[in-house]
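S.K.: A single structure is presented below for examination.
The values are calculated or read from the model by the stated rules, or taken from the named source; none is laboratory data. Since this is a predicted model, take the numbers as computed values, not measurements. Heads up, the Cβs are rebuilt from the backbone with ideal geometry, glycines too, and the neighbour counts pull from every protein chain shown. Accessible surface areas use protein heavy atoms only, side chains included; no ligands, DNA or RNA. Shrake-Rupley method; radii C 1.70, N 1.55, O 1.52, S 1.80 Å.
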Amino acid sequence: MKTILSFFGILYCSISFSQVSLDYYLDANHPYNKEIPEPKTLLGYEVGTWHVSHDKLVHYMYELAKSSDRIHIETTYEGRSLLLLTITSPKNHDRIEEIEKNHMALTETSADQINLEEQPLIVYQGFSIHGNEPSGANSGLLLAYHLAASNAPETLKMLDELVILFDPSFNPDGLQRFAYWANTNKNQILTADPNDREYNEVWPGGRTNHYWFDMNRDWLPAQLPESQARIKTFTKWLPNILTDHHEMGTNSSFFFQPGIPSRVNPLTPAMNQKLTQKIGSFHVEAFDKLGSLYYSEEDYDDFYYGKGSTYPDINGGIGILFEQASSRGHIQESDNGLLTFPFTIRNQLTAGFSTLKAASSMRVELLNYFKTFYEDNRVIAAKNKQKAIVFGNEKDDATTYHFAKMLQRHKIKIHKLKQPLSSEGKQYMPSNSYVIPLEQKKHQLIKAMFTKQSQFQDSLFYDVSAWTLPYAFNLNHSFQSNTSLIGEEVPDLSPPEGSVISKATYA
Ligand SMILES: [Zn+2]
């Protein structure tokens, strides 16, 4: 009997599944501009019928940008086509440099000169940093289409109020690898059995990039080209909200932050969590309306700043993690019934929409929080008795250089060491050491990188709990209260030159 039931179950789903159409995701009566191409016209299938390959995704985004004056597109890393779509009203595009300048002025002492009422909010939406968590990237096709094509008054208002930095695929290599797996092993008649080859991807899976790195731990070390491109965008804009769309186990539902309250990094302001919760109320409303299961404040934490959903929290923004139960392929049995790929895409799309709705509604409140974060940062830095950190390694110029370069990627200012320093048994020479003045904009971020965390409110952890970066680089460092050792700023670093010590006799 069980066999017959599951047979009918599968049959039912394969029928309904093959009929998935755009109105499963988006309101068919919505006033869409017919000149904007729907995803299907370029993909050759409706979203969710196949896993989008990265090249098709890139192709669609370029076509969207070509047909819409709301979208400007750039490639942020040559070779891998890491995309950055800037989506906002044409009026805002015309003054985009002014918007950026005013936004950054909010982090300075001149912040009061900026009228928050007239300033758009910056939202960074990123999808599928783990490439085998593909519902995010596939939902990005629909969200970008909607933002380009919708002529509804609420969309036009939102595009005036927001500048959306949109990266539909945080991990091109991983997305491509997983799309290949899921599409290659898709059955003519869909199979929901978790033992099917389709749901058991071979190693190395699509989670990582080409080098098999988990890029969602690299926001702080920023060692991979994809991360470096992202940090460049992030530091240029300092977004108010950054969303990070993931997938989790098939038997779960949908998670959004805040995470477990006792596992929030103590450097993150309490107001950050309150605002995350308030943004969460928009997700609640949207998922209730849709009738999809969800949860919050469980499982995940908000502690390690090297994750996409936590890094913004130490930069005056709000980072938000989304986790959707994964269908892994096209349809899979789960504790909650049959889980289809289109269902997972629709949930991600819903969270994308509720984020934008929250961003518009809370715009001035979030801008104010951003401004206050940097005001508080100045006060904390001024009160701190420690005024500088010296770092270096007498015998390893290269590591010192790479560490300094990493700091500069985060727009942390480094200076020359004015005179030789002996501290805690270590020698620092001006030729192979640098100084980080602590009274600077990224004061809290610097603290986050150098903190030696040894006590925790909660003994349980989902994620990384310790990462003191100079230790990770095997560098000596010393906190100093004396500002006289701070030399002139080093705006550009060049790698130390190597040379062959003596002439080889046989090579
Ligand atoms: Zn993930």
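S.K.: Sort out the exposed loop GluC sites (Glu not before Pro) in the chain (DSSP loop, at most 11 other Cβ within 10 Å) and tell me the longest stretch that has none.
M.R.: 79-297
S.K.: If you roll a 1.4 Å probe over the heavy atoms of the protein chains, what accessible area per residue do you get for segment 353-506, in Å²?
M.R.: On a per-residue basis, segment 353-506 sits at 55 Å².
S.K.: Determine the per residue accessible area of segment 157-237 with all protein chains present and a 1.4 angstrom probe, expressed in square angstrom.
M.R.: For segment 157-237, the per-residue accessible area is 41 Å².
S.K.: Still on this model: Nearest 10 degrees is fine. How inclined is helix 341-361 to the longest principal axis of the chain, computing both from alpha carbons?
M.R.: 60
S.K.: Using modelled amide H (1.01 Å from N, peptide plane; none on Pro or chain starts), what sits under 5 Å from the amide H of Thr208, excluding residues fewer than 5 places away?
M.R.: Sorted by chain and number, the residues that satisfy this are Gly131.
S.K.: With +1 assigned to the C-beta of every Lys and Arg and -1 to the C-beta of every Asp and Glu, and no other charges, what is the dipole magnitude of segment 419-507 about the Cα centre in debye, to the nearest 20?
M.R.: Dipole about the Cα centre, nearest 20: 160 debye.
S.K.: If you scale each eigenvalue of the Cα gyration tensor by 5 and take the root, what three semi-axes come out for segment 193-250, rounded to whole angstrom and sorted largest first?
M.R.: Equivalent ellipsoid of segment 193-250: 30, 15, 7 Å, largest first.
S.K.: Need one number: convex hull volume per residue for the chain, Cα atoms only, in Å³.
M.R.: 183
S.K.: Which entries of Lys101/Lys307; Lys383/Lys447; Lys274/Lys385; Lys91/Lys236; Lys357/Lys441; Lys395/Lys426 show an alpha-carbon separation above 18 angstrom in the structure shown?
M.R.: Lys101/Lys307; Lys274/Lys385; Lys91/Lys236; Lys357/Lys441
S.K.: Turning to a different aspect of this structure: Identify all aspartates and glutamates with a Cα-Cα distance to Lys405 below 17 Å; exclude those on the same chain that are fewer than 8 residues away in sequence.
M.R.: Within reach: Asp218, Glu226, Asp396, Asp397, Glu488, Glu489, Asp492, Glu497.
S.K.: Hey, got the dipole for segment 193-291? About the Cα centre, +1 on K and R Cβ, -1 on D and E Cβ, debye to the nearest 20?
M.R.: Once rounded to the nearest 20, the dipole reads 640 debye.
S.K.: Same structure again: Counting every Cα pair in segment 323-366, what percent are over 14 Å apart?
M.R.: 57
S.K.: How would segment 333-426 be classified by its alpha-carbon gyration tensor: rounded, prolate or oblate, with rounded meaning a/c under 1.5 and the a/b versus b/c comparison settling the rest?
M.R.: Judged from the Cα gyration tensor, segment 333-426 comes out oblate (a/c at least 1.5, b/c at or above a/b).
S.K.: Right, another one. Hey, got a sec? Which chymotrypsin sites (Phe, Trp or Tyr not before Pro) in segment 26-58 land in a DSSP loop and have at most 16 other Cβ atoms within 10 Å?
M.R.: Tyr45
S.K.: Right, something else. So if we plug the beta-carbon distance of His59 and Ala152 into 1/(1 + (r/R0)^6) with R0 = 35 Å, what FRET efficiency do we get, rounded to 0.05?
M.R.: 0.85
S.K.: Can you give me the % of accessible surface on segment 428-502 that is carbon or sulfur? Probe 1.4 Å, all protein chains present, nothing else counted.
M.R.: 48
S.K.: Ok, one more. Over segment 276-318, average the accessible area per residue using a 1.4 Å probe and give it in Å², no decimals.
M.R.: 33
S.K.: Still on this model: Scan the chain and hand back the longest stretch that contains none of the trypsin sites (Lys or Arg not before Pro) lying in DSSP loops with at most 10 other Cβ atoms within 10 Å.
M.R.: Longest run free of exposed loop sites: 35-384.
S.K.: Give the carbon-plus-sulfur fraction of the accessible surface of segment 37-91 in %, rounded to a whole number; probe 1.4 Å, heavy atoms of protein chains only.
M.R.: 51
S.K.: Tell me what the chain gives for mean residue ellipticity at 222 nm when only DSSP H runs of n ≥ 4 count, each as -39,500 (n - 2.57), the sum divided by the residue total, rounded to 500 deg cm²/dmol.
M.R.: -12000 deg cm²/dmol
S.K.: Give me the extension gain from Asn187 to Asp112: residue separation times 0.36 nm, minus the current Cα-Cα distance, reported in nm with one decimal.
M.R.: Net length gain for the segment: 21.0 nm.
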